[in-house]
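The block underneath contains the structure these notes are about, expressed in structure tokens.
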């Protein structure tokens, strides 16, 4: 039994959900998100909640159960509050600046790295070493944060690079004489 799958997803006021033609659509104050339904899982729309149950007792249906419940929960949370990832840049001369729908990174390369911000996401740089990515879709926010981080991952000797806020970088000791 899935402990996560057992819990129904509560729908707050101001949010509507409907299931039709194999898609689950959730509308809220921030916008609309949709997800394709899985045939191994049954979705039931009650008043004020969505419950997810496995369609049969097979191992694959039970393994999809918790995942689908979490995806539904992410849809509801995305249209109500949204998701945010914060990146912190560490290193001398490393900086970032948001310019409209682009973000410009200076990461010690011979050239600046210019990235286009995907649709549905908002990028802010409160200061030169902090990047805040926010949006409705949790997957899109995390993917764009990972693409930015990929340009200069934190290295273990001095800790220079781009890391998530709160991420611990395991530090290694340098060379001995």
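Every number in this text was worked out from the coordinates using simple rules, so none of it is lab data. Since we're looking at a predicted model, the values are computed, not measured. Positions of Cβ are backbone-derived with ideal geometry, glycine not excepted, and every protein chain shown enters the neighbour counts.
Counting other Cβ atoms within 10 Å as a rough exposure proxy, the listed residues 170, 144, 83 run 170, 83, 144 from fewest neighbours to most. Entry note, segment 114-177: relative contact order of 18 percent, from Cα contacts under 8 Å with a spacing of 6+ residues.
With contacts taken as Cα pairs under 8 Å and at least 6 residues apart, the chain reaches a relative contact order of 18 percent.
Relative to the longest principal axis of the C-alpha atoms of the chain, give the angle of the C-alpha long axis of helix 59-80, reported between 0 and 90° and rounded to the nearest 10°. Compared with the principal axis, the helix lies near 70 degrees.
The GNM of the chain, with springs linking C-alpha atoms under 10 angstrom apart, assigns the highest mean-square fluctuation among 93, 161, 135 to 93. Computed from the C-beta positions of residue 20 and residue 167, the FRET efficiency with R₀ = 35 Å rounds to 0.30.
Each of 165, 62 has some number of other Cβ atoms within 10 Å of its Cβ, and from fewest to most they run 165, 62.
Volume per residue of the convex hull around the Cα atoms, evaluated for segment 83-164, comes out as 80 Å³.
Find the percent of Cα-Cα distances in the chain that exceed 20 Å, and round it to a whole number. Cα-Cα pairs of the chain separated by over 20 Å account for 62 percent. Helix 138-150 sits at what angle to the longest principal axis of the chain, using alpha carbons and giving 0 to 90 degrees rounded to 10? Computed tilt is about 20 degrees.
Ranked for footprinting exposure by Cβ neighbours inside 10 Å, fewest first, 151, 65 give 151, 65.
Taking every DSSP helix (H) stretch of at least 4 residues in the chain, weighting each as -39,500 (n - 2.57) and dividing the sum by the residue count yields a mean residue ellipticity at 222 nm of -7000 deg cm²/dmol.
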